[in-house]
Amino acid sequence: MKRRRAPVAARAAPGGRWRHSLSHSLRMRLIVVFVLLALAMTAVFLSGMERAFSTGWRDAARPLVGDYIDRMVAELGTPPDVARAQALVARLPISIRIEGPVVNWDSQPEHPWHGPGPRGADWFSRSTADGHRVSFGLGSPAWQRGPQGIGWITLALLLGLILLAYAYLRRLLRPLDDIRAGAERFGSGAFDRPIPLRRRDELGELAQRINTMAREIQGMLDAKRELLLALSHELRSPLTRARLNAELLPATAEGAAEREALLRDLAEMRDLISDLLESERLASPHAALHREPVDLALLVREVLAEHAQGERVRLEMPEGLPPVALDRTRVRLLLRNLLDNALRHGAGAAEPPRLSLRATGQGIEIEVRDFGPGVDPAQLEHLTEPFYRTDSARQRATGGVGLGMYLCRLVAEAHGGALELRNAEPGLSVTARLAA
């Protein structure tokens, strides 16, 4: 259920995805820092230049502009001549407003007045002797009258610089993607393909060191596996001889119990060695399955017939179950371990263990349930760990060494499925999902 709710929550909160990407992506954070730095530098530069020009050039330009305005007012005459005012507006990028008892004229009546603010009003306004007031303002320059080309060009250049910076940062941080993919491969046990070394900078050195660490880890794992396999193989021969010698012992009334105990211990050691070998093969990332069409219902009946208490198990299998492409040997091992566990922990229960087969769209499900006391919920998630046994299963009389459920999990995962354990109340239910 959780896996189905997560995408809905992600779609419902796009802002959360952006925050997650920003907090986890070094590339995105660098781009944001670059853009903010560029905007801050631009704002500081423009503010500083504006302040420098407004304070430094204002005092120097004021007498020059004032003298020029006096000359233009004199050129307009008294009373101001509208024709001369029109000629000035046509020649210069200015606007003129004339207010008085005789002449009232505005060069741009359809636009708001472009004159200066209160601080500069005395610069650009003059009063004539006949009571007219002539005010000068900024006109509409050519770049302002035409399309806003410079603004669009500036925006395009800014976006282009951001894209270039993003491309450069992406190329600069590309080794991080290789390192992440390599770490995922190494974590899954695939050491055959090292991280590519694209550059000789610090990220390249980091990738080289991770490759060296991966080779050392692979060497240690291979050495451990080879040692375990060698010990297991070496122990098989003396165990076989010891079992043979025990079988040849004379069957006397006094030594019958000791002989049976010895044979039981030797069989337990043999099963332990076999389970260890099989677990190492299945735990290897290069474990190969020998898949073939298997009549699973027939295989279940064969395993039950071989088991000493197989007649106690109740079967629930649909009719006409089609053959499934499985590894017969590994699935037989899975069935044997599941049945051993159910029969051991369901002994003395009101109902016998139950084995169910169900076909699914992706493969098949095998469920084995006992009706015993079940498992402590705190220990349930640890049952598939190697050599783990519950507190109630630590006595020798219960049998088992803690590899049964671990092997079942490995077999299910090797077939592209999973092993699920739950308390069925009463008893324990184990479901193995195998992908065909």
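T252 meets the conditions (1) surrounded by 11 or more Cβ atoms within 10 Å (Cβ to Cβ); (2) β-branched (V, I, T); (3) at pLDDT below 80 in every case but one. The failed one is (1).
The residue that is farthest from the chain's Cα centre (by Cα), counting only those in the range 220-274 that are hydroxyl-bearing (S, T, Y) and within 27 Å of L407 (Cα to Cα), is T240.
Any residue that is in a helix (DSSP H, G or I), touching a residue at least 24 places away in the same chain (Cβ under 8 Å) and in contact with a Cys (Cβ under 9 Å, 6 or more places away or on another chain) - is there at least one of those in the range 345-365? No; the residues of the range 345-365 include none that is in a helix (DSSP H, G or I), touching a residue at least 24 places away in the same chain (Cβ under 8 Å) and in contact with a Cys (Cβ under 9 Å, 6 or more places away or on another chain). Please state which one of H290, H307 is touching a strand residue (DSSP E or B) at 6+ places or on another chain (Cβ under 6 Å) and at pLDDT below 85. Answer to the check: H290.
Scanning the range 295-323 for residues that are of a type in the set (G, A, S) and not in a loop (DSSP other than H, G, I, E, B) gives A297, A305, G310. For the range 371-383, the criterion of being in contact with a Gly (Cβ under 7 Å, 6 or more places away or on another chain), closer than 28 Å to A435 by Cβ and either in contact (Cβ under 8 Å) with a residue 40 or more places away in the chain or in a loop (DSSP other than H, G, I, E, B) (or both) is satisfied by no residue at all. Scanning the range 324-344 for residues that are farther than 21 Å from T384 by Cβ and in a helix (DSSP H, G or I) yields a single hit, R328. Within the range 215-265, being of a type in the set (S, T, Y) and assigned to a helix (DSSP H, G or I) holds for S232, S237, T240.
The values are calculated or read from the model by the stated rules, or taken from the named source; none is laboratory data. Note that the coordinates shown come from a computational prediction; the quantities given were computed from them, not determined experimentally. Virtual Cβ from ideal backbone geometry, glycine too; neighbours counted across all protein chains shown.
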